[in-house]
Amino acid sequence: MEAVITIDVLRRAGVQVLVVAVETEAGPVTCSRGVKIVPDAYLGDDVPKIDTYDAVIVPGGAQGAATISQNAQVRSILADFYAQHKIVAAICAGSLAIKTAGIQDKSQKPVHITSHPSVKEELEGDFVYKEDRVVADSNLVTSRGPGTTFEFALKLVSLLAGDDKAREVAGPMVLNFEV
């Protein structure tokens, strides 16, 4: 759910989104609840011009988050984007990838983060852990889980395309919160 909503909201805002799978097998990726997503590219395929993007976003899902967090190429991409002050974002258990990328060690100040409650204990020793629905700390954006995905995605739209664009996209979606 987190991946699909985030992709949809970003595309509604006109943000170019490249969906990249960690697995190198061609075909759809099965998410934690059986939803299948057909990626645009695979990490093993020499992802075209990934460094030209303005953000990298890690979705949630316990097993997917573990797979993503353990991938050396993902860790490198996350660390590189963070060092270049590009947006690094994660939702739900995807926040574990922020830790495995060592982002907490690359900052001059304590890094604020949130995640799904199930992985809180794995993060709170290395970060200033917050239980806010969405936490934005410089170029790092994290969120709690499926129920916070629209807020997360709209925060990314605000950062990438501006607050006016986020409000424009949010209006027709009939959300019950202000952007």
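Considering only residues that are surrounded by fewer than 17 Cβ atoms within 10 Å (Cβ to Cβ) and of a type in the set (Gly, Ala, Ser), look in the range 128-160 and name the one that is farthest from Asp105 (Cα to Cα).
Ranking the qualifying residues of the range 128-160, first place goes to Gly147.
Could you tell me whether the range 95-113 includes any residue that is surrounded by fewer than 22 Cβ atoms within 10 Å (Cβ to Cβ), among the acidic types (Asp, Glu) and within 14 Å of the chain's Cα centre (by Cα)?
No, the range 95-113 has no match at all.
Would you pick out the residues in the range 41-73 that are part of a loop (DSSP other than H, G, I, E, B), within 17 Å of Ile5 (Cβ to Cβ) and either at pLDDT below 90 or aliphatic (A, V, I, L, M) (or both)?
Gly60, Gly61
Among the residues of the range 82-94, which ones are at negative phi and surrounded by fewer than 24 Cβ atoms within 10 Å (Cβ to Cβ)?
Tyr82, Ala83, Gln84, Lys86, Ile87
Only one residue in Lys49, Lys36 is open to solvent by 80 Å² or more (accessible area, probe 1.4 Å), out of contact with any Leu (no Cβ under 6 Å at 6 or more places or on another chain) and at positive phi. Which one?
It is Lys49.
Given the criterion of a type in the set (Asp, Glu) and surrounded by 19 or more Cβ atoms within 10 Å (Cβ to Cβ), identify the matching residue among Glu2, Glu25.
Going through Glu2, Glu25 in turn, the sole match is Glu2.
Between a first residue in the range 1-29 that is part of a helix (DSSP H, G or I) and a second residue that is polar (S, T, N, Q) and open to solvent by 70 Å² or more (accessible area, probe 1.4 Å), which pairs have beta carbons less than 9 Å apart while being 6 or more apart in sequence or on different chains?
As it stands, the answer is Leu10/Gln16, since those pairs meet every condition given.
Pull out all pairs, ordered by first then second residue, where Cβ-Cβ is under 7 Å, the residues are six or more apart or on different chains, the first lies in the range 75-99 and is touching a residue at least 60 places away in the same chain (Cβ under 8 Å) and within 10 Å of Thr142 (Cα to Cα), and the second is part of a helix (DSSP H, G or I) and aromatic (Phe, Trp, Tyr).
From the range 75-99, the pairs are Ile91/Phe152.
Which one is nearest to Leu78 (Cα to Cα), of the residues in the range 118-149 that are out of contact with any Ser or Thr (no Cβ under 9 Å at 6 or more places or on another chain) and not aliphatic (A, V, I, L, M)?
Per the stated criteria, the residue is Asn139.
Taking the range 114-127 as the region of interest, how many residues are under 14 Å from the mean Cα position of the chain (by Cα) and either of a type in the set (Gly, Ala, Ser) or open to solvent by 70 Å² or more (accessible area, probe 1.4 Å) (or both)?
Total meeting the criteria: 1.
Out of all the residues in the range 5-22, which are over 18 Å from Ala153 (Cα atoms) and either surrounded by fewer than 19 Cβ atoms within 10 Å (Cβ to Cβ) or modelled with pLDDT of 95 or more (or both)?
Selection gives Val22 alone.
List every residue pair whose Cβ atoms lie under 9 Å apart, where the two residues are 6 or more positions apart in sequence or sit on different chains, the first residue falls within the range 116-138 and is among the basic types (Lys, Arg), and the second residue, located anywhere, is open to solvent by 80 Å² or more (accessible area, probe 1.4 Å).
Lys120/Glu131
The values are calculated or read from the model by the stated rules, or taken from the named source; none is laboratory data. Computed from a predicted model, the values in this text were never measured in an experiment. Reconstructed Cβ throughout: ideal geometry from the backbone, glycine too, with neighbour counts over all protein chains shown. For accessibility, only protein heavy atoms count, side chains too; no ligands or nucleic acids. Shrake-Rupley method; radii C 1.70, N 1.55, O 1.52, S 1.80 Å.
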